[in-house]
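Enquirer: Sharing a structure below in structure tokens format, with a few things to ask.
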Amino acid sequence: MVEPISVVLADSNALVLTALSEVFDRDSRFSLVATSATAEGFLGTVMRLPVAVGVIDWNLPALGGEKLIEVLRDQPQAPKLVVYGDTTRDLAKLAMAAGAAGFADRAAPVEHLLDACRDVAAGKMVFPFVDVRDLAADPITTLSRKERAMLEALSKGLTNKELAVELGVSVNTVKFHLSNLYDKLAVKNRAQAIAFFYAKQAARM
């Protein structure tokens, strides 16, 4: 007998979370382990319990879907993540860039989400058409986790010394990461890097 696929759901909308819970509960292919309305609640569950697939809302409070994916990407026993969202905002591309295993459109029949979870559990990547040339052209996708943290901290207007304290590294390490960051973003200085960061943030709104 095939073991059901263990699933944890996380959505900021209580009605969506309730509806999804009922859908997964009724489907014998799945075993619903837990639900959460926050990224932190989801993270706490999957770090304690072995879970095959996580279905997450991109706008989960307070950490957010992108950060949640990045945190779990480095965890060896992390579930494979399916982002359940709206295709009109390029979320599929953003989810793929962050490291999700799949994407399901909220506007599609819920069976599409179930099929995506089944396929992701089997080791497949499940995304609607995404032009990978656009993905490769986004320099944000080339940044390491440390460099992304550096860029976000830089956007706060911190000095090199303050960056070192914020990130728990030496000032020389900050300078090294900043140099790499500028090269990858094709910018020449802090002001251009900060402008790049806020332009990307605005594009994702």
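Enquirer: Looking only at residues in the range 156-187 that are hydroxyl-bearing (Ser, Thr, Tyr), part of a helix (DSSP H, G or I) and touching a helix residue (DSSP H, G or I) at 6+ places or on another chain (Cβ under 8 Å), which one is modelled with the lowest pLDDT? Break it down into steps so the answer makes sense when it comes.
Expert: Filtering the range 156-187 down to residues hydroxyl-bearing (Ser, Thr, Tyr) leaves 159, 170, 173, 179, 182.
Okay, now just the ones that are also part of a helix (DSSP H, G or I), so 173, 179, 182.
From what is left, the residues that are touching a helix residue (DSSP H, G or I) at 6+ places or on another chain (Cβ under 8 Å) are 173, 182.
On the way: Thr173: 88, Tyr182: 85.
Only one residue tops the list, namely Tyr182.
Enquirer: Among the residues of the range 1-37 satisfying the criterion of being surrounded by 17 or more Cβ atoms within 10 Å (Cβ to Cβ) and either of a type in the set (Lys, Arg) or in contact with a Gly (Cβ under 9 Å, 6 or more places away or on another chain) (or both), which is farthest from Pro61 (Cα to Cα)?
Expert: Here the residue is Val7.
Enquirer: Just need a number here: residues in the range 19-69 that are part of a helix (DSSP H, G or I) and within 11 Å of the chain's Cα centre (by Cα). Break it down into steps so the answer makes sense when it comes.
Expert: Step one: list which residues in the range 19-69 are part of a helix (DSSP H, G or I), which gives 19-26, 39-48, 65-69.
Next cut, within 11 Å of the chain's Cα centre (by Cα) only: 39, 65-69.
Counting residues in the range 19-69 that are part of a helix (DSSP H, G or I) and within 11 Å of the chain's Cα centre (by Cα) gives 6.
Enquirer: Report every pair of residues separated by at least 6 positions or lying on different chains whose Cβ atoms are under 8 Å apart, first residue within the range 48-70 and at pLDDT below 85, second assigned to a helix (DSSP H, G or I) and aliphatic (A, V, I, L, M).
Expert: Final answer for the pair search is Ala62/Ala39; Leu63/Ala39; Leu63/Leu43; Leu63/Val71; Glu70/Ala98.
Enquirer: Of all residues being in contact with a strand residue (DSSP E or B) (Cβ under 7 Å, 6 or more places away or on another chain), more than 14 Å from Ala52 (Cβ to Cβ) and outside any helix (DSSP H, G or I) in the range 93-104, which is modelled with the lowest pLDDT? Just the residue, please.
Expert: The qualifying residue modelled with the lowest pLDDT is Ala100.
Enquirer: Out of all the residues in the range 1-18, which are outside any helix (DSSP H, G or I), over 22 Å from Ile69 (Cα atoms) and of a type in the set (A, V, I, L, M)?
Expert: Within the range 1-18, the subset outside any helix (DSSP H, G or I) is 1-13.
Still in the list and also over 22 Å from Ile69 (Cα atoms): 1-4.
Of everything in the range 1-18, those that are outside any helix (DSSP H, G or I), over 22 Å from Ile69 (Cα atoms) and of a type in the set (A, V, I, L, M) turn out to be Met1, Val2.
Enquirer: When you look at Leu135, is it crowded, with 16+ Cβ neighbours inside 10 Å and either at pLDDT 80 or above or part of a helix (DSSP H, G or I) (or both), yes or no?
Expert: Values: crowded, with 16+ Cβ neighbours inside 10 Å: no; either at pLDDT 80 or above or part of a helix (DSSP H, G or I) (or both): yes.
So Leu135 does not fit the description; no.
Enquirer: Here's another thing I want to ask about it. So how many residues does the range 70-83 have that are touching a Pro at 6+ places or on another chain (Cβ under 8 Å), within 17 Å of Ala95 (Cα to Cα) and either part of a loop (DSSP other than H, G, I, E, B) or not assigned by TED's automatic domain parsing to the domain that holds Val120 (or both)?
Expert: Pass one, the range 70-83, residues touching a Pro at 6+ places or on another chain (Cβ under 8 Å): 72, 77.
If we keep only those that are within 17 Å of Ala95 (Cα to Cα) too, we end up with 72.
Checking the rest, the ones that are also either part of a loop (DSSP other than H, G, I, E, B) or not assigned by TED's automatic domain parsing to the domain that holds Val120 (or both) come to none.
Number satisfying all stated conditions: 0.
Enquirer: I need every pair where a residue in the range 105-118 that is under 21 Å from Val51 (Cβ atoms) has its Cβ under 7 Å from the Cβ of a residue that is part of a helix (DSSP H, G or I) and modelled with pLDDT of 90 or more, sequence separation at least 6 or different chains.
Expert: If the second residue must be part of a helix (DSSP H, G or I) and modelled with pLDDT of 90 or more, the pairs left are Val110/Val23.
The values are calculated or read from the model by the stated rules, or taken from the named source; none is laboratory data. Keep in mind the model is a prediction, meaning the values are calculated, not measured. No Cβ is skipped: glycine too gets one built from the backbone with ideal geometry, and neighbour counts run over all protein chains shown.
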